[in-house]
Every structure is written in structure tokens, then in C-alpha cells.
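Below is one structure, written out as C-alpha cells; the observations come after it.
The values are calculated or read from the model by the stated rules, or taken from the named source; none is laboratory data. Model, not experiment: these values are computed from the prediction. Backbone-built Cβ (ideal geometry, glycine too); neighbour counts: all protein chains shown.
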């Protein structure tokens, strides 16, 4: 039997599926924002006797929604910019006792700066699919990792229970097409999960925690969106980066933000942000088919293997600097700052 919370979310989905207006996305030209980003990693002195120290720092990349220019790295030791899976970029450095630059006796500080222009990511086809729109979607550059976006993650299994839950959601919304199913899933999550970072368990993107607790942060919201979509054969992918306050200026960014996209042949990749929609119900329609410009993407995917490969297990997600001392994780200090470049 379907729970009252799920039933409430399905009611909202059914209403919007039958009478959605795309008025929130009528702007023909996406908004954009240009800012200077500074990412600082502080690696503590490794334990006595350490032979090798490794540091990986995510590096923002240029793609269809953002341009990264004037990238500068301030590091007291040599480093390399590596390209990992899913197109992720990262700085890597390794210090060993046999190298001329021996292991540090004081904290190691590495600073990355770049000027970034982030554009609003809109897919109007999500709300008004037509034969012409479908033809345009088919011309999009194919994602070489499409098979990965249909596979499970460690904390997002695609087992019989998850599939049954997803099937209940779309059946009760009378959703028949991949697009309408994805919409039903989005509306269900926004309508039944609360943005709440109290207590224990939230923030890991554990789909079972999120489905049971019905609360959490962006990672938890999008674990359900992505898991339900994938369980129904709809490719869905995860991205993580930093949120910026809508008001222009400068300041520190305290924590990460993540979001999702799903794929259908009639639309191509569709951006969604279920947690932002839950935080601001007035933008619920907007965030099905859009990501605003107040963010920057660092990496994509979960269960991430770094380049070169870390000694530890794959990372749940790769947003913060990661270090290993002789293959064991080492806590790294981090600081993110932004300063908007005002138009002249």
C-alpha cells in the first residue's frame, strides 16, 4: 500500500503532468554570471614515518554551461592536471622521501584560481516536446558514459524494491513515456521529501535512507531522482559543485551543491534540481528543465576513481580535496571563495 506522503507527491505530479505551463522558462537567452573562484586546500603535516603523500584537488572544467578561463595554480611543489573518468579534471601531486622535495614539515597549501562564466542551463524541450525538438535532441553530442548512467551506484542500488517504488510512482501518475515518468519522479520527490539537515544519516546520497526518512540535503534528493529513473531504464547522471548566493558580490562558500540530469530521446539531457525546488516551491516548475546560473560544476558521477587511482575505495563523490598518506586518507582543510566580476 502506498504511503500518505507518497500519495501527496503523486497528486502534485498528476496535476502538473496534465496542466503544466512553461511560462517560467520563456526567456530565449540564458542568464549568465562571471566570477573569480578561489579554491584553497591545506594539507596537514603527515604522520611521522610517512613515505608518500598524495593530493587530488578537483578542477572546474569548461563545458556547454560554463567557461573556465585564466586558471592559475599556486603550489610550492610540482603537480599535474589529470583527466579522469566522466571528463573530470583534477590536480594531482605526490611527495615522497626519495624525491628532491621531501615530505613537508609544515602544512602544504595549494591554491587554485580561475575566472568562470556560468550560464543558465535550460532545456525547453522538457516542457514542450515536438517532432522538431526531438530531431534537435538526436543531434546532441552522444555521452560516451551513457551505459554508466543506467548502472547502480554503491548507495543507489537498482534492486527489486527500488524498481517497485519507482513503478508505483509512475503508475499512480499515469505516466507512459520516459519524459512523463521522469516528471512524475521529480514531482514525487519534491512533494514528499523535506530539505532538512538535522540528525544523522543525511548527506551521503543513500537512496534507502532518503526513501525511509523522507528528508535530507541535495545528495539525498537526487539519489531518489537518479535511482528511480535508472531503475526504469531512463539514463540519469549526477553533478556536484558549489552554490553561489543569487545576490552578486563576494564571499565564502561554505558547502557543496549537487544536481541531476536525465535523458530521453525526445528531449536530450534535461536538467533538474529537486532540492532547490523543495526549498523554494515558487520555482518548482522552473527546476524541471533548468539549472540557474548561480553555481559552478566541479565533477560528475559517483563512486569516483581518481587519476592516478587512489589507494582507498572509490569516492562517494569528488568535490573536496582528497589526500592519502601511504595510501590512508588524510583530512584536508578547504576554503572556497568567490567574487563577482561586475559588467561594465
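Observations on the structure shown:
- Residue list for the range 134-189, filter: in contact with a strand residue (DSSP E or B) (Cβ under 9 Å, 6 or more places away or on another chain) and part of a loop (DSSP other than H, G, I, E, B): 139, 140, 143, 145, 146, 177
- Restricting 201, 205, 216 to those that are touching a strand residue (DSSP E or B) at 6+ places or on another chain (Cβ under 8 Å), buried (at least 22 other Cβ atoms within 10 Å of the Cβ), within 29 Å of residue 39 (Cα to Cα) and free of Cβ contacts under 8 Å to residues at least 24 places away in the same chain reduces the list to 216.
- Look at the range 237-260: where a residue is outside the structural domain of residue 86 (by TED's automatic domain parsing) and a partner is at pLDDT below 95, sitting 6+ places away or on another chain with Cβ atoms under 7 Å, you get 248/342.
- Wholly within the range 244-343, strands (runs of 3 or more DSSP E) carrying at least 2 residues that are under 13 Å from the mean Cα position of the chain (by Cα) and crowded, with 20+ Cβ neighbours inside 10 Å: 257-264, 268-272, 295-300
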